[in-house]
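Visitor: Dropping the structure in here first, questions after.
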Amino acid sequence: MNDIKTYAAPDRLLYCISHDLKTPLNTMMGYAVLLEQQCCDEERVRMYAERIIGSGMLMASMINDVLDYAGEGYKGSASAAEEIDLLSLTEEVRSVLEPQIKRKKQNFIIYIDENAKTASLNCDKNTVMRVLTNLLSNAVKYTQENGNIQMIISGREIVIKDDGIGMSPEFVEKVFEPFTREKVVSEPGTGLGMYIVKELVDAASGKIEIKSRPGEGTAVRISFGSADV
């Protein structure tokens, strides 16, 4: 049985994105109603607001994927190269994902190799930020509550590991193709995220490698251009 769901033609994108956007939109609307009804309960207000923000971030990510695919916004990103402090960048990424990680009570740990503590990349910061945010967002999304996520930094190489649902060998082979998702995955998405990540990494003269097994998690190894240590 083929467990890979492939959207064969871009003209199906409108249907796919409209269908998947309904999930976070319905969540936002539901919590907005609860927020209005229970506005005097400070703890509930905070919780509902976090749910709305999380759903909004998901919608924004999906829309950005579609815009990048349609406009090929990743082209030429390597021309804006600059020196990037790896440690500062990873903390920025952590702050973006923190609400989602806390919501699922996951353990997120950053391991830094001794040689990486003074490392910097000569690359486009927005490119690296977008790649790491996308990959970590996937790790959070496809890892269960109380699961484990690690980001390991060694020189110019970064590894993101999780003990989530993992991917089948058949899907790993197709993971960088646009409009491709596993049928067993119920989470909303466009099927464009990993395709765009690959294009961004390529534009930054980098490399990306994925190892995954169903039920055992996923490890993504990436490197960007040159590094100064």
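Visitor: Can you give me the number of residues within region 95-141 that are modelled with pLDDT of 80 or more, in a loop (DSSP other than H, G, I, E, B) and either surrounded by fewer than 19 Cβ atoms within 10 Å (Cβ to Cβ) or in contact with a Cys (Cβ under 9 Å, 6 or more places away or on another chain) (or both)?
Guide: Residues in region 95-141 being modelled with pLDDT of 80 or more, in a loop (DSSP other than H, G, I, E, B) and either surrounded by fewer than 19 Cβ atoms within 10 Å (Cβ to Cβ) or in contact with a Cys (Cβ under 9 Å, 6 or more places away or on another chain) (or both): 3 in total.
Visitor: Does Ile165 satisfy being among the β-branched types (Val, Ile, Thr), surrounded by 16 or more Cβ atoms within 10 Å (Cβ to Cβ) and in contact with a helix residue (DSSP H, G or I) (Cβ under 7 Å, 6 or more places away or on another chain)? So that I can check it myself, show each step before the final result.
Guide: Working: among the β-branched types (Val, Ile, Thr): yes; surrounded by 16 or more Cβ atoms within 10 Å (Cβ to Cβ): yes; in contact with a helix residue (DSSP H, G or I) (Cβ under 7 Å, 6 or more places away or on another chain): no.
Taking the combined requirement at face value, the residue does not satisfy it.
Visitor: Which ones in region 196-229 are at pLDDT 85 or above, of a type outside the set (A, V, I, L, M, F, W, C) and either under 14 Å from the mean Cα position of the chain (by Cα) or assigned to a strand (DSSP E or B) (or both)?
Guide: Lys198, Lys207, Glu209, Lys211, Ser212, Arg213, Gly217, Thr218, Arg221, Ser223
Visitor: Quick one: would you say Glu145 is in a helix (DSSP H, G or I), modelled with pLDDT of 80 or more and not polar (S, T, N, Q)? Don't jump to the end; show me each part of the working.
Guide: On the way: in a helix (DSSP H, G or I): no; modelled with pLDDT of 80 or more: yes; not polar (S, T, N, Q): yes.
Considered against the rule, which asks whether it is in a helix (DSSP H, G or I), modelled with pLDDT of 80 or more and not polar (S, T, N, Q), Glu145 comes out as no.
Visitor: Just give me the residues in region 145-174 being charged (D, E, K, R) and touching a residue at least 40 places away in the same chain (Cβ under 8 Å), in sequence order. Before the answer, list the steps.
Guide: Step one: of region 145-174, the residues charged (D, E, K, R) are 145, 156-157, 161-163, 170, 173-174.
Correct list: Glu145, Arg156, Glu157, Lys161, Asp162, Asp163, Glu170, Lys174.
Visitor: Could you give me the residue pairs with C-beta distances under 8 Å whose first residue belongs to region 27-54 and is at positive phi and at pLDDT 75 or above, whose second residue is not in a helix (DSSP H, G or I) and not charged (D, E, K, R) wherever it lies, and which are 6+ apart or on separate chains?
Guide: none
The values are calculated or read from the model by the stated rules, or taken from the named source; none is laboratory data. Owing to the predicted nature of the structure, the values given are computational and were not obtained by experimental measurement. Backbone-built Cβ (ideal geometry, glycine too); neighbour counts: all protein chains shown.
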